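Asker: Mind looking over this structure? Questions follow.
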Amino acid sequence: MPIPVIVSLVGVVALAVAWYLIFKKDVTQKGGKGDASGRSQGRSGGKEAKRLPYRFDSGNLFVWGETVWAGWRVQGSSDGFLPGDRLEMLATSATNTINSVSKDDRAVNVQVRVTHKPFSAEDWYQQLVERAWNPSPMYKSYLRVIAGLLRYARSTTPTTYIFVELDKVSLDLASRLEEAADAALMGHSDEFIAPAEAAGWARMASAVEAKLRGFGVTRTTRDDRMWLIRKTLSGHFLPAMGDFPRAKPWGAGQFLLWLDFEADNLGSHLVIHTMNEHVAETDRVPGSASLTSYTACLAVAEWPEELVLNAGSTWLRWLAARPEEPEVAYRIEVVPPKQHRAALQKADRNLNDERNNLQKHGRRDDVLDMDAGRSADFLLSARTSPQPGLRTQVLIQVSAPSEEELDGRISSIKEAVKREVDDKIELVRPRRWQWRMVQLMLPGSMSKLPIGIPYIRTTDSAMFGVALPNGGGVVGDRPTLSHSGATLGWVGHYIGSVGEHLAFFSPMVGPAKNAGGGVAILGASGSGKSNLAMLNFFLESGAGTECTALDPKGDFAQFVYYLSFGAQVNDPNFAAEADAGILGTPQSRFEP
């Protein structure tokens with residue numbers, strides 16, 4: 001039996017997701033009611049057990065079950081070429097940001113979600129033409145050709161989101177939401193959130209947003225959340241995204257199917273089946289009705305005691321840049337300083353009790369002595385400089401077009417982590433928990449770190465900085481936000497690629513972002529400095545910028561001649577007329 005998933009928008013701002021936990025093959029249990037690992041519950045299972053409870057969706061707010069969440073897209077920083085001191089500044093800023101969302105009275109649940117979104121060549125083309133001062137026909141034609149090439153390049157950009165749990169809904173509201181969601185599945189009811197309740201959540205979200213401003217965050221939209229839901233359930237395919245409503249365009253009680261999803265649970269992985277028309281154009285297979293993807297989740301079982309900050313150990317950015325394009329969910333409980341200190345005190349007592357017990361019997365353990373010493377240092381630091389602690393869990397979703405390739409990609413990631421990040425890191429693929437781990441990749445999802453799935457680590461908040469969640473996959477220009485919330489800058493001209501990533505640059509973007517306009521192009525002889533400079537000269541001139549080139553070598557003059565006269569520059573008499581200054585005049589046989 002398949003697992004159908006129905007994602008629907010019900011009510012003015014309500015989002016309901018039904019996810020039936022009925023599997024074609026269940027290798028863990030041959031019957032029974034099933035459990036949290038996703039084992040078959042059969043068609044007799046209750047509706048609530050079969051649904052991912054997205055209850056409400058408005059702006060950057062949504063409700064998962066009885067918890068209220070808000071989400072933001074993180075503005076990445078091109079960190080791949082930063083020196084160590086700048087890298088450390090980024091990491092410290094990230095640590096300070098996660099510390100700022102801590103509460104004195106309760107733990108705060110946070111999910112950092114890294115996905116791979118396709119580059120929209122059409123959006124890129126439109127925003128460049130709109131921002132050009134006086135674009136020439138040649139300029140627009142050139143951009144259109146490049147956009148066509150990029151459209152079919154299947155280029156993706158690692159994109160980071162951060163979701164923060166804001167509140168718990170009241171019992172009365174939770175009951176009303178549950179009833180409305182049940183009715184929504186039958187297509188005869190709308191959900192309703194009182195404006196006062198939604199306004200209160202919006203105020204909480206604004207307060208959190210102010211704390212996240214160092215990340216240059218922008219609020220998530222329904223498009224963002226639907227992308228994350230669909231990408232998680234599409235395996236290695238890029239999902240199609242143009243078919244769901246941004247607002248409610250139908251009457252009360254009407255039900256719209258957003259997504260068909262079914263998968264086989266084979267214990268060690270899921271086999272996802274999706275319709276050909278439900279994936280992006282670049283991933284479609286002519287003549288096929290259904291497509292298959294194999295997906296599995298890894299958990300980080302062991303971390304080293306310490307990580308030295310470098311290009312390798314900024315592990316979240318490193319994972320995002322992998323050619324296997326893994327999806328990453330970094331789930332965090334930010335524990336208040338007082339509770340964190342209490343947990344450290346308990347651990348310190350346990351270690352000392354064990355050490356003292358050994359000493360009473362005339363024995364000692366060097367490893368235990370070292371752990372006790374480190375525990376005492378941590379506890380002293382927590383007492384003198386109170387900081388929140390983190391309970392973390394890292395999940396990595398890997399997908400491929402075949403089971404053999406899936407196993408190969410997982411092996412490749414495991415080996416690369418040990419080789420390039422730290423050989424003490426251990427990634428495991430828990431056989432029993434694959435279904436639940438895929439579910440945990442979704443935005444919001446569980447309000448607490450699930451006890452059933454192991455590999456939860458208590459750590460210092462600096463580990464969040466070492467992950468470098470604001471490390472960017474985009475090289476070059478991209479918009480930023482001003483303090484007032486206005487968008488500054490744009491994605492510049494396409495100038496090539498750096499590894500797997502597209503690179504964009506325009507000398508006009510810096511001044512537009514109040515960041516200055518000075519640029520130096522450095523490189524060895526023959527590396528392409530002149531070509532890059534001439535490309536920018538051509539593009540900025542075509543966009544309407546008045547450009548001047550001081551060029552002792554004459555490269556720019558030859559380039560401008562070619563742009564103006566084309567193949568005529570190859571005529572043996574062309575140079576003589578150029579020296580005489582008569583090109584394009586009645587005395588010249590060469591016409592532009």
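The values are calculated or read from the model by the stated rules, or taken from the named source; none is laboratory data. As the structure is a computational prediction, the values presented were derived from the model and not from experiment. With ideal geometry, Cβ positions are generated from the backbone for all residues, glycine too; neighbour counts draw on all protein chains shown. Ligands, DNA and RNA are excluded from the accessible area calculation, which covers all protein heavy atoms including side chains. Shrake-Rupley method; radii C 1.70, N 1.55, O 1.52, S 1.80 Å.
Asker: Taking a point 7 angstrom from the Cα of Asn573 along the C-beta vector, which residues in region 546-564 have backbone N less than 20 Å away?
Answerer: 561-562, 564
Asker: Right, next: Can you list the aspartates and glutamates whose alpha carbon is less than 19 Å from that of Lys211, not counting same-chain residues fewer than 8 positions off?
Answerer: Within the straight-line cut-off, Lys211 pairs with Asp104, Asp105, Glu165, Asp167, Glu333.
Asker: Another question, then. As a test question: what accessible area, to the nearest 10 Å², does Met534 have when a 1.4 Å probe is rolled over all protein chains in place?
Answerer: Counting only protein heavy atoms, Met534 exposes about 30 Å² to solvent.
Asker: May I pose another question? So how far apart, in nm, are the two label points at Arg144 and Ala342 if each is 7 Å from Cα heading toward Cβ?
Answerer: Spacing of the two 7 Å Cα→Cβ label points: 6.7 nm.
Asker: For Lys140, tell me the accessible area in Å² from a 1.4 Å probe, rounded to the nearest 10.
Answerer: The value for Lys140 is about 80 Å².
Asker: Which net charge results for the neighbourhood of Pro386, defined as the other residues with beta-carbon distances under 9 angstrom from its beta-carbon, given Lys and Arg at +1 and Asp and Glu at -1?
Answerer: Net local charge, Pro386 excluded: +3.
Asker: Please list His116, His361 in order of solvent-accessible area, largest first, computed with a 1.4 Å probe with all protein chains present.
Answerer: Heavy-atom accessible area, descending, gives His361, His116.
Asker: May I pose another question? Note down the accessible area of Asp123, probe 1.4 Å, to the nearest 10 Å².
Answerer: For Asp123, solvent-accessible area is about 100 Å².
Asker: Express in nm, to one decimal, how much length is gained between Lys553 and Ala486 on full extension, taking 0.36 nm for each residue of separation and deducting their alpha carbon distance.
Answerer: That pair, Lys553 and Ala486, stretches by 19.9 nm at full extension.
Asker: Still on this structure, please answer the following. Find the eigenvalues of the gyration tensor of the Cα atoms of region 299-382, then list the square roots of 5 times those eigenvalues as equivalent ellipsoid semi-axes, largest first, in whole angstrom.
Answerer: They are 34, 17, 12 Å, listed largest first.
Asker: Follow-up question, since we're still on this one. By the scheme Lys and Arg +1, Asp and Glu -1, what is the net charge of all other residues having a beta-carbon under 10 Å from that of Ala70?
Answerer: -2
Asker: Shifting gears a bit: Relative contact order of region 333-381: what whole-number percent is it, with Cα pairs under 8 angstrom and at least 6 residues apart? Display every interim value, and only then the final one.
Answerer: Values: 20 pairs, mean separation 22.4, N = 49.
Value for region 333-381: 46 percent.
Asker: Probe of 1.4 angstrom, ligands and nucleic acids ignored: what's the accessible area per residue over region 328-450, in square angstrom?
Answerer: Values: 6190 Å² over 123 residues.
On a per-residue basis, region 328-450 sits at 50 Å².
Asker: What is the sum of charges, Lys and Arg at +1 and Asp and Glu at -1, for the other residues whose Cβ falls under 14 Å from the Cβ of Asp104?
Answerer: +3
Asker: Another question, then. How would Cys297, Cys547 rank on accessible area, largest to smallest, probe 1.4 Å?
Answerer: Largest accessible area first, the residues go Cys547, Cys297.
Asker: Right, next: Using Cα pairs under 8 angstrom and six or more residues apart, how large is the relative contact order of region 492-592, in percent? Numbers along the way, then the final one.
Answerer: On the way: 61 pairs, mean separation 12.9, N = 101.
Over region 492-592, the number comes to 13 percent.
Asker: If you don't mind, another one. Starting from the residue with the highest accessible area, list Trp435, Trp318 in decreasing order, probe 1.4 Å.
Answerer: Sorted by accessible area, descending: Trp318, Trp435.
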